[in-house]
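Readers should treat all values here as calculations from the given coordinates under stated rules, not as data from a laboratory. Bear in mind the structure is a predicted one, so any value in this text is a computation, not a measurement. Neighbour counts are summed over all protein chains in view; Cβ atoms, including those assigned to glycine, are modelled from backbone coordinates with ideal geometry.
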Amino acid sequence: MSKIFIIGLPRTGTTSVCAAMLVLGFRVAHTAYTERAFSEAQVIADTPTFCDYRQLDIAYPNAKFIYLTRSMATWLPSIAQLLARMHNNLSRHDGGFNPIIKRCYQEVFNPYSFANIQDHDFLARCYQRHQQQVLSYFKSRGTDLLSIDVSEPKSHAQLQRFLALDSTHTTQFEKLNVGGKVTAWKDIKSPLKVDSTNKGRASKLPYLSE
């Protein structure tokens, strides 16, 4: 099967969708920072996919893309809390997160600053800009892009139809990383999980040119 990229922004349910994909039998990387991760995983979410979907569309013909939405009322406090927690490692020049994470967050939440990432109006504009860019890019390509809200009861069935899967797995997405938690993916045990890094290290991504 072709690659499946989950391109919703952080805190829109990426972990819930990844967990569901494991149950459906896919090899899944929730974030991918090495050529090996991109080679082994059938499904990739979060960084760098929410930022690099255009390049991924070119590099992986026939790939499927899943865009996740969430109500602004619940997304804004959740993303503000996450970004505040990540800020030092996103902004420091002497280490912190790997360069791929820094680039993706700073591009999507641009202009990036601590004041901005705590401003709900700014964050709402970033969400809307990203959404408009995604929908514009995939305009008239309904067979390539699915947009769902994982809190909606029928969203899991929509996912299965989009991927032409047997509906015997019909259920609802599990609520994960509730209350600001960010470790749910690490807690999931499955032989289908694909490591995002090479022993904590990132490498050049296969779809990016020099």
So for 18, 126, fewest C-beta neighbours within 10 Å to most, what's the order?
126, 18
List the trypsin sites (Lys or Arg not before Pro) in region 129-167 that DSSP assigns to loop (not H, G, I, E or B) and whose Cβ has at most 14 other Cβ atoms within 10 Å. Which are they?
139, 141, 154
How much FRET efficiency would the formula 1/(1 + (r/R0)^6) give for residue 2 and residue 128, where r is the Cβ-Cβ distance and R0 is 30 Å, rounded to 0.05?
0.55
Which of 166, 121, 94 moves most in a GNM of the chain, Cα contacts under 10 Å?
94
For the chain, cysteines with no other Cys Cβ under 4.7 Å from their own Cβ are listed as 18, 126
Cβ charges +1 (Lys, Arg) and -1 (Asp, Glu), total dipole of the chain, debye
180 debye
How large is the charge dipole for region 1-81, taken about the Cα centre, if only the Cβ atoms of Lys, Arg (+1) and Asp, Glu (-1) carry charge, to the nearest 20 debye?
140 debye
What is the distance in Å between the Cα centres of region 61-114 and region 145-174?
25 Å
Dipole of region 21-148 [Lys/Arg +1, Asp/Glu -1 at C-beta], most positive-end residue of 117, 100, 136:
136
Among residues other than residue 152 whose Cβ falls under 15 Å from its Cβ, what is the net charge (Lys/Arg +1, Asp/Glu -1)?
+2
